[in-house]
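I have placed the structure first, in the form of structure tokens, so that the comments after it can refer back to it.
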Amino acid sequence: MIEFRSDTFTLPTSRMMEAIQTAALGDDVYGEDPTVKELEEKTALILGKEASILMPSGTMANLSSIMAHCVRGSKILVGDESDIYIYEAAGASVCGGIMYEKIPTMSDGTLRIQDLEETFPKDVDDPQFALPSLICIENSHNRMGGKVLPLSYLEELKAFSIKKKIPIHMDGARLFNAAISLGVAPREITKFADTVQICLSKGLSSPIGSMVAGSKEFINKVYRIRKMLGGGMRQAGIIAAPALIALDEYMDRLTVDHEHARMLVEGLASIPGVILEAENVDTNIVFFRVDASKLTTEIFIEEATKRGLNLAELGTNRIRMVTHSGINSTDIKKALKIIHSILAG
Ligand SMILES: *Cc1c(COP(=O)(O)O)cnc(C)c1O
């Protein structure tokens, strides 16, 4: 099976499996796992923050961050196409008593400053209104086709957040993809956010986990919330060990994924019946539709699966293909052939 549904299907490399077996371990709820400590220090350095903390998932990383930033009865400003708003089971409302205010997501993944501005009540002392307490952004942006937020936009957003005195949380599940695409160090992106979440378990090919980074004071709050949510883990060094390798190797790994995504888009562009959402691709995610007069999306995906190609529908009639370490250039050629043959009918 050629697996294009997600970069979460990546398996740990043999070096990672070896590292898991030989990792120094301790009870991390007692703060005694040396491998976790090493990962937390290394991640903080890479992301240019004072501290970081290992989390079991990106969802818990975002939720804990939101709860650490916001008081009950406040509202967070989130993109209507963001993972936080769509895929995280309304955790901020359920667990944090926090309201989501959704902001239209532009095609480049940004939220317009003007739209954010309008969510602030004219009179902040008027008790009728929930007050904005956090701006959440996503980088790279999954549902907008892996788009990378421009640094100039982040700079403008940072200035706005300072003016409004509310922090920025960056959902950087695929932050390293964004950094490679821009050709900058990750901290050149994260410096525009107060806090950030990165996923170890996507293109980085680690099996489990995410990291939250921010100030020491903020990470202490996340630490308490993580325990409350059930995310305190014991010999978590078995998660941290492969992550340390991922952080050493991500550059080469993800650069190849981006080349593969470009190959894929070029191939798809020449197949009759494929309607690409964007002709150019920033990172490792490609979206397209199929000409409805030929086939329904459902049948198209079914036919692909029968021929050994797994694709995902994300949103109505939007087909997503994600490149990752389990995909090589031969797989891309095979996938293009399969898609061509299905649409040729
Ligand atoms: C995958 C993902 C998450 C959530 O991570 P999980 O580990 O699956 O909980 C959050 N944000 C974005 C943008 C993601 O792609």
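The values are calculated or read from the model by the stated rules, or taken from the named source; none is laboratory data. A quick note: this is a predicted structure, and the numbers were derived from the prediction, not measured. Every residue, glycine as well, gets a Cβ built from its backbone with ideal geometry; the counts of neighbours run over all protein chains shown. Each accessible area value is taken on the protein alone, full model and side chains, heavy atoms only, with ligands, DNA and RNA left out. Shrake-Rupley method; radii C 1.70, N 1.55, O 1.52, S 1.80 Å.
Only Lys, Arg, Asp and Glu carry charge here, each on its Cβ (+1 for the first two, -1 for the last two); on that basis the stretch 253-344 has a dipole of about 240 debye about its Cα centre. Excluding same-chain neighbours fewer than eight residues apart, the lysines reachable from LYS163 by a Cα-Cα span under 21 Å are LYS75, LYS102, LYS122, LYS191.
Quick one: which residues, 5 or more positions from GLU81 or on another chain, have an amide H under 5 Å from its amide H? H modelled 1.01 Å from N in the peptide plane, none for Pro or chain starts. Correct list: THR105.
Once you reduce the stretch 111-133 and the stretch 32-106 to the center of their Cα atoms, the two points are 21 Å from each other.
Gain on full extension, evaluated as 0.36 nm per residue between ILE86 and GLU118 minus their Cα-Cα distance, stands at 9.3 nm. Backbone geometry of the stretch 18-26 corresponds, through the Karplus equation with coefficients 6.51, -1.76 and 1.60 at θ = phi - 60°, to 3J(HN,Hα) couplings of 5, 4, 4, 5, 10, 5, 6, 10, x Hz, x marking Gly and Pro.
The string of couplings for the stretch 84-100 from the Karplus curve (6.51, -1.76, 1.60, θ = phi - 60°) is 4, 7, 8, 10, 10, 6, 6, x, 4, 6, 5, 8, x, x, 10, 8, 8 Hz, one whole number per residue in order, with x for Gly and Pro.
Excluding ligands, DNA and RNA, the accessible surface per residue across the chain is 44 Å² with a 1.4 Å probe. In sequence order, the stretch 69-75 has phi-based couplings of 7, 10, 8, 4, x, 8, 10 Hz under the Karplus curve 6.51 cos²θ - 1.76 cosθ + 1.60, θ = phi - 60°, and Gly or Pro positions carry x. Taking every C-alpha pair closer than 8 Å and separated by at least 6 residues, the mean separation divided by the residue count of the stretch 217-326 gives a relative contact order of 21 percent. For LYS147, the residues whose amide H sits under 5 Å from its own are HIS141, ignoring neighbours fewer than 5 places away on the same chain, with H placed 1.01 Å from N.
How much of the accessible area of the stretch 253-344, probe 1.4 Å, is carbon plus sulfur, in whole percent? The computed percentage sits at 50. Which of the three applies to the chain, rounded, prolate or oblate, going by the alpha-carbon gyration tensor with a ≥ b ≥ c and a/c under 1.5 meaning rounded? Here the chain falls in the oblate category. Among DSSP beta bridges lying fully in the chain, give the percent that are antiparallel, nearest 5. Counting only bridges with both partners in the chain, antiparallel ones make up about 50 percent.
Fully extending the segment from ASN317 to VAL71, taken as 0.36 nm per residue of separation minus the present Cα-Cα distance, adds 84.8 nm. Suppose R0 equals 45 Å. What FRET efficiency, 1/(1 + (r/R0)^6) with r the Cβ-Cβ distance, do GLU101 and THR296 give to the nearest 0.05? Efficiency computed from Cβ-Cβ geometry: 0.80. For the stretch 10-249, which whole-number percentage of the solvent-accessible area (1.4 Å probe, protein heavy atoms only) is attributable to carbon and sulfur atoms? That fraction is 54 percent. Length gained on full extension, LYS221 to LYS333, computed as 0.36 nm times the residue gap minus the Cα-Cα distance: 35.5 nm.
Evaluate the relative contact order of the chain (contact order divided by residue number), counting alpha-carbon pairs under 8 angstrom at least 6 apart; express in whole percent.
Working: 680 pairs, mean separation 87.2, N = 345.
Rounded, it is 25 percent for the chain.
Normalising the average separation of contacting C-alpha pairs (under 8 angstrom, six or more residues apart) by the number of residues puts the relative contact order of the stretch 31-189 at 21 percent.
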